[in-house]
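*Asks:* This is the structure I want to talk about, given as structure tokens.
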Amino acid sequence: MVTADDIDVLLPQTQCTRCGYSGCRPYAEALLAGQAPINQCPPGGAATIGALAALLQRPVLPLNPANGVEGALLVAQIDEDACIGCVRCLPPCPVDAILGAHQQMHTVVVALCTGCELCIAPCPVDCITMVPRASLAETPPAPTARENRERCLAHNARIARRARERAALLSARKQATGAAAANPPEEGCERAR
């Protein structure tokens, strides 16, 4: 019996959302449930569509142009002179391939970039462009789907951990505020002499 894991392993793990889902795993689950067609993954292209068709015993379909086109592997490049250090590109990167800090120049770790393009829209100064990986001198090989999946899982785990920590801190502060409100200082006490 085919599982979502079987489908997920065939996807490129770019987490680009071009398929209409929030990442490769949700798309795999939709494919398993029969809620999505097999031709919605531009990064995977014809090879992924063929593998999905064979696994799911569905007919091979051409890539749906509404989801994008198959093309060369891309990587993000930041115009470091134009970057204002707003950090808006950091959270959407599903594999933490962008390094930088608030009001500091950012840069892309090319060896980790999946080419998902999710960093482009949040940039307020349009300093991020996508370029073919092959056009860069001494470019490291593209990360594998397994590496992308592991980095995405680590990214998501970190975000979830931070959310839990913030919720716990907020809860502790609310409890402390509630305890202080329940026990107000007494008024009219004489000062010690």
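The values are calculated or read from the model by the stated rules, or taken from the named source; none is laboratory data. Bear in mind that the values here come from a model prediction, so they are computed numbers and not experimental data. Note that we place each Cβ from the backbone using ideal geometry, even for glycine, and neighbour counts take in every protein chain shown. Accessible surface is based on the protein model in full, side chains and every heavy atom, while ligands, DNA and RNA are left aside. Shrake-Rupley method; radii C 1.70, N 1.55, O 1.52, S 1.80 Å.
*Asks:* Are there GluC sites (Glu not before Pro) in the stretch 1-88 that DSSP puts in a loop and that have at most 13 other Cβ atoms within 10 Å, and which ones?
*Replies:* Hits after loop and neighbour filter: E80.
*Asks:* Across 10 Å bins from the origin, how do the percents of Cα pairs in the chain run, short distances first?
*Replies:* It works out to 8, 28, 27, 16, 9, 5, 4, 2, 1, 0, in whole percents.
*Asks:* How large, in percent, is the carbon and sulfur part of the accessible surface of the stretch 27-100 at a probe radius of 1.4 Å?
*Replies:* 58
*Asks:* If packing is taken as the average number of other Cβ atoms within 10 Å across a peptide's residues, how do 53-64, 164-175 rank, most packed first?
*Replies:* Result, highest mean first: 53-64, 164-175.
*Asks:* Consider just the alpha-carbon atoms of the stretch 1-86 and return their Rg together with their Dmax, both in angstrom.
*Replies:* Expressed in Å, the Cα Rg and Dmax of the stretch 1-86 come to 14.9, 53.
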